[in-house]
1. Take segment B:152-163 and flag every residue that is surrounded by 14 or more Cβ atoms within 10 Å (Cβ to Cβ) and in contact (Cβ under 8 Å) with a residue 40 or more places away in the chain.
2. Among the residues of segment A:64-74, which ones are under 48 Å from the mean Cα position of the chain (by Cα) and surrounded by fewer than 18 Cβ atoms within 10 Å (Cβ to Cβ)?
3. Can you find a residue that is at pLDDT below 95, among the basic types (Lys, Arg) and either within 30 Å of residue B:62 (Cβ to Cβ) or surrounded by 10 or more Cβ atoms within 10 Å (Cβ to Cβ) (or both) anywhere in segment A:154-168?
4. Consider residue A:80 against the criteria (1) more than 7 Å from chain B (Cβ to nearest Cβ); (2) modelled with pLDDT under 95: it satisfies all of them except one. Which criterion is unmet?
5. May I ask you to list the residues in segment B:22-80 that are in contact (Cβ under 8 Å) with a residue 24 or more places away in the chain and more than 17 Å from residue A:80 (Cβ to Cβ)?
6. Every residue in segment B:189-221 that is of a type in the set (S, T, N, Q) and either within 30 Å of the chain's Cα centre (by Cα) or under 17 Å from residue B:5 (Cβ atoms) (or both), please.
7. For segment B:81-94, which positions are touching a residue at least 24 places away in the same chain (Cβ under 8 Å) and either closer than 27 Å to residue A:57 by Cα or within 12 Å of chain A (Cβ to nearest Cβ) (or both)?
8. Somewhere in segment B:95-103, is a residue within 7 Å of chain A (Cβ to nearest Cβ) and of a type in the set (A, V, I, L, M)?
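The values are calculated or read from the model by the stated rules, or taken from the named source; none is laboratory data. Here the structure is a predicted model, which is why all the values come from computation and not from measurement. Reconstructed Cβ throughout: ideal geometry from the backbone, glycine too, with neighbour counts over all protein chains shown.
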Amino acid sequence: MASEATEAETPTEENLDAAVDATHGGSVGETHAATEDHGGTFPPFDPATFPSQLLWLAITFAALYLLMSRIALPQIGGVIADRRARVDADLKAADESRRKTDAAIAAYEEALASARAKAQGIANETRESIQADLASKRAAVEADLSEKLTAAEARIAETKAQALSHVDEIAAETAQAVASQLIGDVPQEQAQAAVSRVKE
Amino acid sequence: MAGTDPIHQFVIEDIFPIATIGGDGTEGSGLHFAFTNSALFMVATVAITFLYLVLSSSQKRLVPNRLQLTSELLYEFVANMVRGSAGTEGMKFFPLVFSLFTFVLVGNMLGMIPYFFTITSHIIVTFALSMLVFLTVIIYGFIKNGPKFLGLFVPAGVPGYILPIVTPIEIISFLSRPISLSVRLFGNILAGHITLKVFTGFVVTMIPIGFFGAAGSILPLLMGIALTGLEFLVAAVQAYVFAVLTCMYLNDAIHPSH
């Protein structure tokens, strides 16, 4: 490889010279002016080209800066910011939904617990009211019975008293009948008076 | 043909002249302004950058397509670079850094296309861009920090007796920044393009010199292919380096204390 490279060295230089000759002698247009420009100096260090380069660099870079800062970057940055805002909003909404779900579950459980408590309350109440009803009915029946008992007792006492009061009458009648049989007519009043006298 | 002249690709040719200021009317005197091939490629760089970014993101898709994603990745890449090096406060220079990065990157990449002119292969262009950064750092540094900006040259925590040595070093390193920044980019691009041209030129000159020459030309051809890949890498890396160093210099202007 090394030998080939050194072999190639000479033709390269020849070719180079030929190339330079060709541009110098042949075409007269812009390439001519160009080769003459860099005839002596290395093109990047040729001060004759500096004004043009600086002028166009200033124009193009200022244009680039304005186009970037006013149009391109706000557009791209806006898209990115929009996306970030959207993602944040969606995450927040998801969070909100989860919170709502949790709240709904809590509310449901609370409702369930209160319903259960209420049901128990109603059951207790019903049981109590039934018991109270039962008790009041029993009390009423007992009161009724005791009333009837006292009434009956009163009636018995009355009947007894009546019966006892009739004893005098019967005794008087009997005495009158007996006396009538024995001694002839005896007025009722006399018989009664006699009976009451005996009783005393 | 001038095909194998490795320097010819850097020649600046007038496409149409604009004006010549001063001088005595002879060729090469006075300030000569013209629309040149360099200017054409600067315009092309700006046009391509702008149209690509605006058209790719014009649909403003919530879920980006591939084209839009490339623009967004570029945006985020530079934004993270600025934020990482210069902090959130440095984001006011984001358009500047983004413009510098894309200008150098697209200019370098356009230069990789055969027969295309490479705008960054001229020291005056890279030096002007470096001076733009340098002056931005100085002006913004003084506006924001006032005389405290000079604290940049006095590193904190250095013993007093070393300061007479350290401070001149800091000043020299600061002043050499535009030179190192511009020469790094210029030198990489220039050397890369010359090397590429020389090796591929070997292929052209070796083929006519017989069988061994033609057979051996495969070696410089392979070298040329490898160098092309390397030069694409260099084109991207140098744009990145230029932008990162810009961010770090801007960070000095924003936070001058070390």
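1. B:152, B:155
2. A:71, A:74
3. Scanning segment A:154-168, I find at least one residue that is at pLDDT below 95, among the basic types (Lys, Arg) and either within 30 Å of residue B:62 (Cβ to Cβ) or surrounded by 10 or more Cβ atoms within 10 Å (Cβ to Cβ) (or both), so the answer is yes.
4. (1)
5. B:36, B:37, B:38, B:39, B:40, B:41, B:42, B:44, B:45, B:46, B:48, B:49
6. B:195, B:200, B:205
7. Across segment B:81-94, the qualifying residues are B:81, B:82, B:85, B:86, B:90, B:93.
8. Scanning segment B:95-103 turns up at least one residue that is within 7 Å of chain A (Cβ to nearest Cβ) and of a type in the set (A, V, I, L, M).
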